[in-house]
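Throughout, read-outs are computed from the coordinates displayed, never taken from laboratory work. Note that the structure is a prediction, hence the values are computed from the model and not measured. Backbone-built Cβ (ideal geometry, glycine too); neighbour counts: all protein chains shown.
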Amino acid sequence: MPTEEIRVCGTVQGVGFRPTVYRLAKACGLNGDVCNDGQGVLIRVSGSEEVISEFVSRLQTELPPLARINQLTRTIYEGEFKFDNFVISTSVSNAIHTEITPDAATCPQCQKEIFDPFSRFYRYPFTNCTHCGPRLSIIRAIPYDRCNTSMSAFAICSECAGEYHDVENRRFHAQPVACHICGPAAWLERADGKSVTASMFSMLDDVDAVCSLLQKGEIVAIKGLGGIHLACDATQETVVQKLRQRKKRYHKPFALMARDIEIIEQYCIVNAKEKELLTSSAAPIVLLQASDKKQLASSVALGQNTLGFMLPYTPLHHLILRRMNRPIVLTSGNLADEPQCIDNDEAREKLRTIADYFLFHNREIINRVDDSVVRVIGDKVQTIRRARGYAPASISLPPGFHKVPQILAMGSELKNTFCLLREEKAILSQHLGDLENAAAFNTYQDTLNLYLNLFEHQPEIIAIDKHPEYLSSKLGKELANTNKIKVYPVQHHHAHIAACMAENEIPLDSPPVLGIALDGLGYGNDGKLWGGEFLLADYRKFKQLATFKPVAMIGGEQAIYQPWRNTYAQLVAANLWDDCEQKYTDLEIFKFLKNKPLKLLNQLIEKGINSPPASSVGRLFDAVAAAIGIYRDECSYEGQAAIAMEAIVDVSSLNNDKETLIYPFSFSISDSIYCIDSRPMWQALLDDLQQQISQPVMAAKFHKGLANAIVEMVKHLCQENLINQVALTGGVFQNCVLLQQVSKRLETLGIKVLTHSLVPANDGGLSLGQAVIAAAKLIHES
């Protein structure tokens, strides 16, 4: 009778895959065994060829909810075979080739159990099964067995052990399985150190007490799945303001959590795709259009027309919100710009001046994992931050990348992720934040070491950004020198475009695409700051075809946080400041700028002192926003003014085709590179300001005008270079209005448009681009 070895690679550990194999093998009457090893799952079976084929077919169609098969291979097994039944064998430790499953939101069955008074899991905040619960956040090593997780600290009780070993039970081999008797516990503490007594409020337990505290207007730090959050009632303006002041997060929108979809629908418009995302196993924060039905505290999302909502994704959150009929703020437990706290003692030290109470538990968080953020544009999901629920699930590489060695890509300075490339797949880390913060950089290094050890990754090449001052690039060079391996510096915007190509499965040897990379800034091949580039690019090389006219960033980084600097620089670059002094002296923006030290600013521009020229479209957005009176003086985070301007765009003007409702741009050519010049736009905008046109209309005219200029440039470049495929990338294309305007117009022209979905268009996706560029160059050299 034929005996086969079946190798299954993909997301197949910790997701109930072996129990499924066992059940199907039994149903098909096969003998043999199944085990986990470093490559995934190994199956040995004996039976007729027809029955084994039926088994394999059912295995691929009856997967557990969280499983994913990337590759399945069948070979004749010629070793010793002593099975007269089918069994699950002990895991084998060998070279690591398998994947780690992302953390998964509580499944419907576990939700039902925690609210069932007759269940032994009633009100147990750490209930889980093979279909849900912690994965990446608790893992120390592969294979994914209890001894390799932070659950190793908890000896399993007899009842949990019975379910763990019962192949018919959905907790069969669920590594974090636990209950009130044997598992982690949660408790409440006061931030001032005083004892918490039951008489303080009516409560079922400490978890239920959190709901009462939130309703009373307290701020509670809650230790969750991948980190500690700060929570408060999102309808109470006083406490939301208090949280902003204590946390020193003065303007960035807060994330929200609500008990159910029905509560979210009281505050937002939610379509079918957005509901699907909210209720998925990833359970990300979904950016939703705010409605006028009910209002939250005004400080929740300042200057926004969207709200970021998520549903409870652990039993702990479900239990807290059981009695909460309104949304809560659930923001990362940290001081502004620092990494989220994950340790109880760390939280007591760092958050005691922010939170009034702590809800702690004693299950160690091994890996810090932030909440993911997504939005739906048209019918396509756009990932803004890729973390919990998505990382570290692998991304399959396009055709042609099948013979790549192990590569490490270090990512960017801001919104950092790193990427491990191996065996036709890319493994991106979770979002790690801005490395300019010392604590974030330390976390980056710790997480990098953890991934390298988890996956036994030994890179032959390290890819870095070309910017000489990026901390990630400096670290990459150090690692390369220490390990005596090659370093590939990769241009920032080329990496953006390559990431977009890779996730859209553009084959390695495809003709070049026209990549449009619009962002804050990146280091150009000429040593200048780029941020508005049209590149003819494939994975190996690129050629700059067009750009936006470079304009000085007066004061360097200060220009990011003081938008008026960009306005003045743009007006000077457009030779319009003299016009302002003659024709536009009554304008608010002119009066505002006249009070600035213009003589000094002019010297900085003329002498190039800390005022590098940059073709940044991100700074152009800031300049226009400041000119029309949006966050003119100061911003607390990059892009704040631009986001606020997008939020007020007048939809009727946007949908009106009149030429008068589009700001014009002009085109020129210099050194064989085309240039988009914003001078005509500024002239028209100044005239509109003088005529007191409303902010929403001017915002619409700018977005339409910019989209029109981009499309006109694309038309010309596509004709000149015989291209019919365009990749839209960079953080500016997270602007929903601009992305839709450009995409719609290009598609009308019959041009294929590539956009991001799996990885962010911002720098969070950069490491994927760096990795595939390094791989392509290496394949070409070999």
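Here are the numbers for this structure:
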read-out: Hull-based mean projected area of the range 610-733, where the convex hull spans the alpha carbons, in square nanometres; value: 9.2
read-out: Using alpha-carbon coordinates, inclination of helix 679-690 to the longest axis of the chain, degrees; value: 80
read-out: In sequence order, calculated HN-Hα J values of the range 442-455 (Karplus, 6.51, -1.76, 1.60; Hz; x Gly/Pro); value: 5, 4, 4, 5, 5, 5, 4, 4, 4, 4, 4, 6, 4, 9
read-out: 13 Å tail of the calculated P(r), the range 346-389, as % of Cα pairs; value: 71
read-out: Difference of contour (0.36 nm per residue) and Cα-Cα distance, residue 652 to residue 205; value: 155.7 nm
read-out: For the range 274-433, alpha-carbon Rg relative to the globular expectation (2.2 N^0.38 Å, N residues); value: 1.21
read-out: Whole-number D in µm²/s for the range 527-591 (Stokes-Einstein; Kirkwood sum over Cα pairs; 20 °C, 1.002 mPa s); value: 151
read-out: Cα centroid separation - the range 258-327 against the range 43-121, whole Å; value: 34
read-out: Taking the C-alpha atoms of the chain, convex hull volume expressed per residue in Å³; value: 174
read-out: Where the Cα pairs of the range 233-338 fall when distances are cut into 5 Å bins, in %; value: 2, 13, 24, 25, 20, 12, 3, 0
read-out: 5 angstrom amide H check on residue 457, placed H, neighbours 5+ away; value: none
read-out: Cleavage-rule hits (trypsin sites (Lys or Arg not before Pro)) in the range 1-87: DSSP loop, at most 10 neighbouring Cβ within 10 angstrom; value: 82
read-out: Kirkwood hydrodynamic radius (C-alpha pairs) into Stokes-Einstein, the range 367-480, 4 °C and 1.567 mPa s, D in µm²/s; value: 87
read-out: Radius, Kirkwood style, for the range 134-200 when every pair of distinct Cα atoms is counted (Å); value: 14.0
read-out: Kirkwood Rh (inverse of mean 1/r, distinct Cα pairs), the range 203-285, angstrom; value: 14.5
read-out: Largest-first ellipsoid semi-axes for the range 128-248, taking √(5λ) over the Cα gyration tensor eigenvalues, angstrom; value: 35, 17, 13
read-out: Distribution of pairwise C-alpha distances over the range 510-653, 10 Å bins, in %; value: 12, 38, 32, 15, 4, 0
read-out: Of 484/777; 273/658; 294/704; 26/82; 543/704; 252/594, those spanning more than 22 Å from alpha-carbon to alpha-carbon; value: 273/658; 294/704; 543/704; 252/594
read-out: Bins of 10 Å, starting at 0 and running to the largest distance - Cα pair percent for the range 439-511; value: 17, 39, 36, 8, 0
read-out: Semi-axis lengths, Å, the range 33-117, gyration tensor of Cα atoms, sqrt of 5 times eigenvalues; value: 29, 17, 14
read-out: Label point distance in nm, residue 73-residue 687, each placed 7 Å from Cα along Cα→Cβ; value: 6.8
read-out: Gain in span if fully extended, residue 167 to residue 140, counting 0.36 nm per residue against the direct Cα distance; value: 7.1 nm
read-out: With eigenvalues of the C-alpha gyration tensor scaled by 5 and rooted, the range 11-53, Å; value: 20, 11, 8
read-out: Nitroxide proxy distance, nm - points 7 Å out along Cα→Cβ at residue 273 and residue 594; value: 4.9
read-out: Distance in nm between pseudo-label sites at residue 298 and residue 122 (7 Å out along the Cβ direction from Cα); value: 4.7
read-out: Dipole of the chain, positive end: most advanced residue of 489, 119, 301 [Cβ charges, Cα centre]; value: 301
